[in-house]
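The values are calculated or read from the model by the stated rules, or taken from the named source; none is laboratory data. Note that the structure is predicted; figures quoted are calculated from it, not measured. Methodologically, a virtual Cβ is constructed for each residue, glycine included, from the backbone with ideal geometry; neighbour enumeration extends over all protein chains shown.
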Amino acid sequence: MKIATDRTIERKKVVHDDQWVTATKVDVHFNNGKIIKNFLLVEMKGNGHVLVSARTKNGSFLFAHQCKPVSGMSIESVAGGCPDDIAHENQVVEEMVAEIGYKPKRLVRLNEYGFFPQTDRIDNRCHIFLAFDCELTSEVKEQDEKQGVGIIILTPEEVWQKIKSGEIKDTATVAGIFAHFLYESGKLIL
């Protein structure tokens, strides 16, 4: 079978639409002649989402701790949707202040395009940032999360333990952690 190198999407029926996502049944036509019928495509609204792997001046990682609808209790990097009219960098700072009460001294963006945490059914581009020398701020922002968000501060050694134990289970969070380690080792030049 010839490998497809492109596709077109024929939208059939919207089956769900809310403030965050639209779910649509589509037919996917590949340029090798194959078709996937009634494929469920979930598209996030806005300008994708941002995720920030944040560290304090002493090298500790800052994480949000909350109960997620799918994974249950989770330790994750600060993240959130990005409205169309807000720059990704600005949204990172907003999310950090709202979720954990910290601000970064320096931000580094991993790439301009963003990443897809899953390249199959969900169109949810993730813009990953590394934050350095984060400091507690006196600014107060209202959280929009219904389940609430706590903060967890971990040493690099504790981070590895939480990854091994499955308490850190979000792939974008893990990618940000690895990017931090590569960056500080000089193996990742941004």
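Based on this model, can you work out whether Pro156 counts as in contact with a Gly (Cβ under 8 Å, 6 or more places away or on another chain) and assigned by TED's automatic domain parsing to the domain that holds Arg55? Taking the combined requirement at face value, the residue satisfies it. Condition (residue is over 14 Å from His127 (Cα atoms) and either assigned by TED's automatic domain parsing to the domain that holds Ala179 or among the hydroxyl-bearing types (Ser, Thr, Tyr) (or both)) applied to the stretch 20-35: is it met by at least one residue? Yes: one or more hits.
Taking the stretch 17-32 as the range and being surrounded by fewer than 12 Cβ atoms within 10 Å (Cβ to Cβ) and in contact (Cβ under 8 Å) with a residue 24 or more places away in the chain as the test, only Gln19 passes. Within this structure, Ala79 passes the test of being aliphatic (A, V, I, L, M), at pLDDT below 95, under 15 Å from the mean Cα position of the chain (by Cα) and on the phi < 0 side of the Ramachandran plot. Applying the condition of being assigned to a helix (DSSP H, G or I) and among the hydrophobic types (A, V, I, L, M, F, W, C) to the stretch 96-124 and asking which residue is nearest to Ser138 (Cα to Cα) yields Val97. Say we look at the stretch 150-190 and pick out the residues that are touching a residue at least 40 places away in the same chain (Cβ under 8 Å) and in a loop (DSSP other than H, G, I, E, B); which of these is farthest from the chain's Cα centre (by Cα)? Per the criteria, the residue is Thr155.
Looking across the stretch 119-129 at every residue that is within 15 Å of the chain's Cα centre (by Cα) and either among the acidic types (Asp, Glu) or exposed (fewer than 11 other Cβ atoms within 10 Å of the Cβ) (or both), the one that is farthest from Val78 (Cα to Cα) is identified as Thr119. Filtered by the rule that a residue be surrounded by fewer than 18 Cβ atoms within 10 Å (Cβ to Cβ) and touching a Gly at 6+ places or on another chain (Cβ under 7 Å), the stretch 67-108 gives Pro83, Asp84.
Restricted to the stretch 23-51, and to residues there that are in a strand (DSSP E or B) and touching a His at 6+ places or on another chain (Cβ under 9 Å), the residue that is farthest from Ala179 (Cα to Cα) is Ile35.
Within the stretch 149-163, one or more residues are under 23 Å from Gly48 (Cα atoms) and in contact with a strand residue (DSSP E or B) (Cβ under 9 Å, 6 or more places away or on another chain). Among residues that are touching a Ser or Thr at 6+ places or on another chain (Cβ under 7 Å) and charged (D, E, K, R), Asp123 is not included.
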